[in-house]
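The values are calculated or read from the model by the stated rules, or taken from the named source; none is laboratory data. Since the structure is predicted, the reported quantities are computational estimates derived from the model, not experimental observations. Virtual Cβ from ideal backbone geometry, glycine too; neighbours counted across all protein chains shown.
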Amino acid sequence: MPGRLRAPQPGWTAHADVIVVGSGIAGLTTALQLRQRVDRVLLVTKTVLNEGSTMWAQGGIAAALDPADSPEDHLRDTLVAGVGVCDVEAVRALVTEGPGRVRELVALGAEFDRDADGEIKLTREGGHHRDRIAHAGGDATGREISRALIAALRRVQDDPGIEVIEHALVLDLLLDDTGRACGVTLHVIGEGQRDGVGAARARAVVLATGGLGQVYAATTNPSVATGDGLAAALRAGAEIADVEFVQFHPTVLWLGPGSSGQQPLISEAVRGEGAFLVDKDGARFMEGRHPLADLAPRDVVARAIVERMRETGEDHVYLDARHLGAAFLEERFPSIVARCRELGFDPATELLPVAPAQHYASGGVRTDLHGRTTVEGLYACGEVSCTGVHGANRLASNSLLEGLVFAHRIADDITARLAAGELPPVPAGEAGRPKGPATLLPETARVEVQAAMTRGSGAVRTAESTAATALALAALAERSLDESAAEPGPQAWETTNLLQVGQLLTHLAARREETRGGHVRDDFRDLDDEHWRGNQRATRSRDGSVTTTFHPVAAQDIS
């Protein structure tokens, strides 16, 4: 695998103590926390501040805020959803620190929905045995959290200690002679001196770039989710873990054959309020499949839908929310109802056609409990990371909490290490991009990457399907080495990132010969704890080879 994107040499430079890449809950929280403690923070975002994945989070944020609930109960539900391969200590940090971090978010200005007594209203979603999901605006939780964090950032933007660069796509990590991360190259669409490709140098880099959803033809992820941070970390030699565990949200509005790109999500919270799934004949099919029926973990529901679609020959099933009534639906789910009606569907009066689509990547750049990756000076937070919290399948509404909790942990760790002199400034001239062959795939090849991934490495996989995808992607990778095949630019760089992420995901999916969580094999339908209870990790060496290792996980007590 080539170690860098083909791009012009940097024409300008910037300097900071810490660079944070991404403006979702993970990136914004990290930047805000660091601004209070270090001299200079540079926040880089791909489009504008409010267009990250956090904006699209409908469900909510999970935390044991109810006195009847407890972190131990939340931990237990998370471990069950993760199907035996979570990092228990990471989950414990999440559920223990989570309630306090949510309350701090409220103090910052986030306005969650309240009950008649003025307490935060808590609801339930799939996989949770307690009401512990806090919402804002009914189904606009991510938008409200993003609003509050951006407002806090704008209150301090006049502070010379923090700078924001929008419309900036990160290309590659800068590494010093020892392999330590000490900056990034990035392309900025703007005016003045900071236009085109530049180099930003820092003592530490935090990747908070979100997910990889655009590697598939249909996803709930925004168009910016092209795996840029994951691909850059892979090229730089960081260890990547568990990327075969891709969560397909079971209830995405089906818009007809051939529909692609970002698809409308019908939040799990709709089922949490009593909606249920039926097939074309109106028969409920989740009862008897799982004790929680329609509120089973997402992998269970998505698999059941795929199986029922196969049995009936249909390409979708239906979500029935009619009995909830128009008044309730409009109050509880205003954004969802408005979007459905805009597209010609009315959940108050008709069945909603739904089918699974890519929703969340449980794996990513592997980190420790402080957010450190295996590359010195490089941190990862949010969906781009693999903290071990999610295991094989993310529990509903744990992702916003993960970004919040681990952003604070990263800020604490960087602050302590800077004070201890462990992340010294990089002498001028020592930071450079990886050596060796460069790669670039033309933007027109994106549909080929997405089609191959959807066919062979999608919601249901086999040895045959992943082998076909691997061959298709290998042919594209060969094309990417031709220097005349593509002109450098944002679309080509994104497409190349998708290709490399897709190759790694397909490789790990082919190796894991079992069904576990978000990884579903039609030719290995059972869980295989004897051989596969553990994590797969992949690392690219400086010679371009990618080494994959397996790390067993001890049996977890979830009683």
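Report yes if VAL188 is within 24 Å of GLY22 (Cα to Cα), in contact with a strand residue (DSSP E or B) (Cβ under 8 Å, 6 or more places away or on another chain), at pLDDT below 95 and buried (at least 18 other Cβ atoms within 10 Å of the Cβ), otherwise no. Yes, satisfied. If only residues of region 78-120 that are under 30 Å from GLU530 (Cα atoms) and of a type in the set (Asp, Glu) are counted, the one that is surrounded by the fewest Cβ atoms within 10 Å (Cβ to Cβ) is GLU89.
Filtered by the rule that a residue be within 22 Å of the chain's Cα centre (by Cα) and of a type in the set (Ser, Thr, Tyr), region 345-369 gives TYR360, SER362, THR367.
Residues satisfying the criterion are absent from region 25-37 (criterion: in contact with a Phe, Trp or Tyr (Cβ under 6 Å, 6 or more places away or on another chain) and buried (at least 24 other Cβ atoms within 10 Å of the Cβ)).
Taking the conditions exactly as written (more than 16 Å from ASP242 (Cα to Cα), touching a Ser or Thr at 6+ places or on another chain (Cβ under 7 Å) and assigned to a helix (DSSP H, G or I)), does GLU494 satisfy them or not? In short, yes.
Residue pairs whose Cβ atoms lie under 8 Å apart, separated by 6 or more positions or on different chains, with the first residue in region 453-480 and of a type in the set (Asp, Glu) and the second outside any helix (DSSP H, G or I), are GLU464/ASP523. Scanning region 1-13 turns up at least one residue that is over 17 Å from the mean Cα position of the chain (by Cα), modelled with pLDDT under 95 and under 30 Å from VAL520 (Cβ atoms). Looking only at region 60-96, residues that are closer than 20 Å to ARG298 by Cα and free of Cβ contacts under 8 Å to residues at least 24 places away in the same chain come to 1 in all.
Residues in region 120-169 that are under 30 Å from ALA275 (Cα atoms), in a loop (DSSP other than H, G, I, E, B) and among the charged types (D, E, K, R): LYS121, ARG124, GLU125, ARG130, ASP131, ARG132, ASP139.
For GLY237, state whether it is at pLDDT 95 or above, closer than 24 Å to LEU175 by Cβ, of a type in the set (Gly, Ala, Ser) and surrounded by fewer than 24 Cβ atoms within 10 Å (Cβ to Cβ). In short, yes. Please work out which residue is farthest from TRP493 (Cα to Cα), limiting yourself to region 205-253 and to residues that are among the polar types (S, T, N, Q) and in contact (Cβ under 8 Å) with a residue 40 or more places away in the chain. Restricting to residues being among the polar types (S, T, N, Q) and in contact (Cβ under 8 Å) with a residue 40 or more places away in the chain, the top hit is THR251.
Among (1) farther than 19 Å from HIS135 by Cβ; (2) surrounded by fewer than 19 Cβ atoms within 10 Å (Cβ to Cβ); (3) under 28 Å from the mean Cα position of the chain (by Cα), where does ALA338 come up short? Failing condition for ALA338: (1). Here ALA474 meets the list (1) closer than 28 Å to GLY82 by Cβ; (2) out of contact with any helix residue (DSSP H, G or I) (no Cβ under 7 Å at 6 or more places or on another chain); (3) not in a loop (DSSP other than H, G, I, E, B) almost entirely, failing just condition (1).
A quick yes/no check of all residues on (1) outside the structural domain of GLY198 (by TED's automatic domain parsing); (2) at pLDDT 95 or above; (3) surrounded by 15 or more Cβ atoms within 10 Å (Cβ to Cβ):
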| residue | (1), (2), (3) |
| --- | --- |
| SER465 | yes, yes, yes |
| ALA470 | yes, yes, yes |
| ALA474 | yes, yes, no |
| ALA477 | yes, yes, yes |
| LEU481 | yes, no, no |
| ASN497 | yes, yes, yes |
| THR506 | yes, yes, yes |
| HIS519 | yes, yes, yes |
| VAL546 | yes, yes, yes |
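For every residue, the table says whether it meets (1) assigned by TED's automatic domain parsing to the domain that holds VAL44; (2) out of contact with any strand residue (DSSP E or B) (no Cβ under 8 Å at 6 or more places or on another chain); (3) assigned to a loop (DSSP other than H, G, I, E, B); (4) not hydroxyl-bearing (Ser, Thr, Tyr).
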residue	(1), (2), (3), (4)
THR178	yes, yes, yes, no
GLY183	yes, no, no, yes
ALA199	yes, no, no, yes
GLY210	yes, yes, yes, yes
LEU234	yes, no, no, yes
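Checking the stated criteria, ALA361 turns out to be crowded, with 18+ Cβ neighbours inside 10 Å, in contact (Cβ under 8 Å) with a residue 40 or more places away in the chain, closer than 30 Å to GLU307 by Cβ and among the hydrophobic types (A, V, I, L, M, F, W, C).
Only one residue in ARG124, ARG132 is basic (Lys, Arg), surrounded by fewer than 24 Cβ atoms within 10 Å (Cβ to Cβ) and in contact with a strand residue (DSSP E or B) (Cβ under 8 Å, 6 or more places away or on another chain). Which one? Show your work before the answer.
On the way: ARG132 fails: surrounded by fewer than 24 Cβ atoms within 10 Å (Cβ to Cβ).
From the options ARG124, ARG132, the qualifying one is ARG124.
Only residues that are in contact (Cβ under 8 Å) with a residue 24 or more places away in the chain and surrounded by fewer than 16 Cβ atoms within 10 Å (Cβ to Cβ): list them for region 524-542, please.
Residues of region 524-542 in contact (Cβ under 8 Å) with a residue 24 or more places away in the chain: 527, 529, 533-542.
Result: LEU527, SER541, ARG542.
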